[in-house]
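> So that we are looking at the same thing, I have put the structure below in structure tokens.
The values are calculated or read from the model by the stated rules, or taken from the named source; none is laboratory data. All figures in this text were calculated on a predicted structure; none of them were measured in a lab. FYI the Cβ positions are ideal-geometry reconstructions off the backbone, even for glycines, and counts take in every protein chain you see.
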Amino acid sequence: MSTEPSYEPRTDRTNHTATPVLAVTYERYGDPRGIPVVLLHGFPYDIRAYDEVAAALAATGGFDVYVPFLRGFGATHFASGSDPRSGQQGALGQDLLDFIDVLGLDRPVVAGYDWGGRAACIVAALWPERVRGLVSVGGYNIQDIARAAVEPTKPEWEATYWYQYYFHSERGRRGLEQNREELCELLWRTWSPEWTGASEAFKASAMSLHNPAFVDVVVHSYRHRYGLAEGDPRYQGIEDRLAAAPPIGVPTVVLDSGADGVGGPTFAESGDRESFTGWLEVRHLPGIGHNVPQEAPEAFAEAVRAVARASTTGTADSAD
């Protein structure tokens, strides 16, 4: 399998770094002397979700913003052709920790949604000393794999997970490979039902889905989380720690979408509150779907600012 990226990133803010597993492509904004912030996208999105968020933080001043392509997306690629194309949560968490390490970031704010929110939650839970705080869309995004493998949810929620069950089959793998743009654009629209600009915005991110590892990483992710695929042994230690549902004690803002097309409980209904043992603020976003940073960029940027303030003062109140 080729490991060469097929995505041509923008050149004005584009940077590259090497972790033990990945050659990571990322964009950087803002003040190099500012508080570091890592913004993490989800599936099937890419770093374009954060264009307005990153610009807003850079305009505020005092932030050094990093926006990497996750494994399997854009120009980020595997350093070795023989490494498993794992999409498991332990891999995503380790990728983020490695990114922080190789760039020498001093306790960044980690922020994300979907897969990126999961990676941010994992690092905040397992290595709290390495981060300043967390912005998480939806709440506690660490997967309970043992439960997911056997326990159903409400039928109306299960119906929105069709793509996950589709990827469990070889038919679904081929469907993603052959129809990736059509399928993923459909997910963008249905997951953000009140966002009229979803289809147009998708065009800027579509090429990121043509990464050579994209299909393998995505299919493995949705099989592993249901116990249908073995994980990469190098991440087993992380998976064992995550199975114990470790709490998150760093300052956190949870963004709770009011119009997310992916079924599931609200933060208040989820019982996730007990998983956060530190300073926590929950902000509700009526009318906003799954792709929060692209649909509500100022709300996302303000959540990052609030976490930065709370990490210093213990409160999100502005100093102004």
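> For the subset of region 233-268 comprising residues that are modelled with pLDDT under 95 and under 22 Å from Ala310 (Cβ atoms), which member is surrounded by the most Cβ atoms within 10 Å (Cβ to Cβ)?
The selected residue is Phe267.
> Restrict the check to region 23-34 and report whether at least one residue is crowded, with 21+ Cβ neighbours inside 10 Å, basic (Lys, Arg) and either at pLDDT below 95 or part of a loop (DSSP other than H, G, I, E, B) (or both).
No; the residues of region 23-34 include none that is crowded, with 21+ Cβ neighbours inside 10 Å, basic (Lys, Arg) and either at pLDDT below 95 or part of a loop (DSSP other than H, G, I, E, B) (or both).
Yes/no matrix, rows are residues, columns are (1) surrounded by fewer than 17 Cβ atoms within 10 Å (Cβ to Cβ); (2) closer than 16 Å to Gly263 by Cβ; (3) not polar (S, T, N, Q):
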residue	(1), (2), (3)
Gln164	no, yes, no
Phe167	no, no, yes
Arg173	no, no, yes
Asn179	yes, no, no
Leu183	no, no, yes
Trp188	no, no, yes
Gly197	yes, no, yes
His220	no, no, yes
Glu230	yes, no, yes
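> Right, something else. In this structure, is Ala301 among the hydrophobic types (A, V, I, L, M, F, W, C) and out of contact with any helix residue (DSSP H, G or I) (no Cβ under 7 Å at 6 or more places or on another chain)?
Against the criterion (among the hydrophobic types (A, V, I, L, M, F, W, C) and out of contact with any helix residue (DSSP H, G or I) (no Cβ under 7 Å at 6 or more places or on another chain)), Ala301 does not qualify.
> Here's a check for you: in region 39-80, which residue that is of a type in the set (Ser, Thr, Tyr) and either at pLDDT 95 or above or part of a loop (DSSP other than H, G, I, E, B) (or both) is nearest to Ser136 (Cα to Cα)?
Only one residue tops the list, namely Tyr50.
> Which of (1) in a helix (DSSP H, G or I); (2) of a type outside the set (S, T, N, Q); (3) under 21 Å from Asp64 (Cβ atoms) is the odd one out, the single condition Ala146 does not satisfy?
That leaves (3) as the condition not met.
> Restricting to region 82-114, give me the number of residues that are touching a residue at least 40 places away in the same chain (Cβ under 8 Å) and part of a loop (DSSP other than H, G, I, E, B).
Number of matching residues: 12.
> On to the next question. Count, please, the residues in region 140-176 that happen to be of a type outside the set (Phe, Trp, Tyr), under 18 Å from Gly90 (Cα atoms) and under 20 Å from the mean Cα position of the chain (by Cα).
6
> Test Thr19 against the stated conditions and say whether it is surrounded by fewer than 23 Cβ atoms within 10 Å (Cβ to Cβ), polar (S, T, N, Q), under 17 Å from the mean Cα position of the chain (by Cα) and modelled with pLDDT of 95 or more.
no
> Still on this structure: What number of residues within region 292-317 are closer than 12 Å to Leu280 by Cα and modelled with pLDDT under 95?
So the count comes out to 4.
> Further question on the same structure: Return the residues of region 231-266 that are assigned to a helix (DSSP H, G or I), within 19 Å of the chain's Cα centre (by Cα) and not hydroxyl-bearing (Ser, Thr, Tyr); say none if nothing qualifies.
Selection gives Ile238, Glu239, Leu242.
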